[in-house]
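Please read the structure below before turning to the comments.
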Amino acid sequence: MSVAAAGESIWVLGIIAWYVIRFPFERRAKRVRVVSSRRSGSEAVGLASALVGLAVIPGFYVATRIPRGLDHPSHVWAVIVGAIVFFSAMWVFRRTHKELGRNWSITLEIREKHKLISGGPYAFVRHPMYTSFMLMGIGQAFLIPNWFAGLAGLLGFAILFFLRVDKEERMMLEIFGAEYGDYMQKTKRLIPYLY
Ligand code: SAH
């Protein structure tokens with residue numbers, strides 16, 4: 001197997017892991033009533049961008065090699081770095097789901113008996129699930145040896161994050177008031193100690 005094929009296979013395994021982690025939460029979430037929803041056009045654009053950048057474009061590239069003209073050489077070190085970063089992302093992704101539990105939603109929603117979570121990964125940053133998407137995007141850039149398909153994930157993540165984060169924090173402040181305000185004082189958004 002070539003180095004490039006190894007990197008792409010690791011990416012495919014990572015995406016399967018992503019779905020295995022997420023699937024049970026999607027099923028369970030259907031059973032918890034939503035009491036307030038902020039679904040909007042920009043939410044739909046953000047979610048679609050993340051899906052296209054992190055899954056559709058790289059998946060299409062792995063299947064078809066399009067756009068071949070933007071391929072670049074792949075290196076063993078890049079595949080190793082990419083694998084470590086991608087699987088760290090899956091570990092964080094799993095931890096955030098365990099911690100959010102019944103409070104999780106794919107979009108901006110407040111569920112019945114919603115609790116503010118501030119433990120586990122939420123003790124370091126307010127948006128550790130988005131941290132995991134960012135790490136997935138970085139892992140993808142190292143694993144997929146194509147400028148377009150490799151970098152599409154980070155772009156898709158950035159569109160989702162910047163369209164959503166202010167609205168999400170405003171919604172949390174509205175619902176949880178000072179409790180969320182205090183929590184904001186103690187945490188960064190995305191990268192522990194930095195941002
Ligand atoms: N931004 C978080 C959560 C993503 S899931 C993260 O990146 O980890 C999105 C939903 O999670 C939102 O609709 C909101 O209802 C809920 N949420 C976000 N932060 C939360 C927190 N600290 N405690 C409980 N629910 C939270």
Helices (runs of 4 or more DSSP H) completely within the range 103-195 that count 2 or more residues being touching a Phe, Trp or Tyr at 6+ places or on another chain (Cβ under 8 Å) and either surrounded by 20 or more Cβ atoms within 10 Å (Cβ to Cβ) or at pLDDT 95 or above (or both): 128-143, 147-176
Matching residues in the range 88-113 - criterion: being over 16 Å from R31 (Cβ atoms) and more than 7 Å from the ligand (Cβ to nearest atom): S88, A89, M90, W91, V92, F93, R94, R95, K98, E99
Residue check, L116 over 14 Å from the mean Cα position of the chain (by Cα) and within 12 Å of the ligand (Cβ to nearest atom): yes
Search result, residues across the range 49-67 that are more than 12 Å from the chain's Cα centre (by Cα) and of a type in the set (A, V, I, L, M): V52, V56, I57, V62, A63, I66
L100 vs. criteria farther than 21 Å from G59 by Cα, part of a helix (DSSP H, G or I) and in contact (Cβ under 8 Å) with a residue 24 or more places away in the chain: yes
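The values are calculated or read from the model by the stated rules, or taken from the named source; none is laboratory data. Bear in mind that the values here come from a model prediction, so they are computed numbers and not experimental data. Here Cβ is always computed from backbone atoms with ideal geometry, including for glycine, and neighbour counts include all displayed protein chains.
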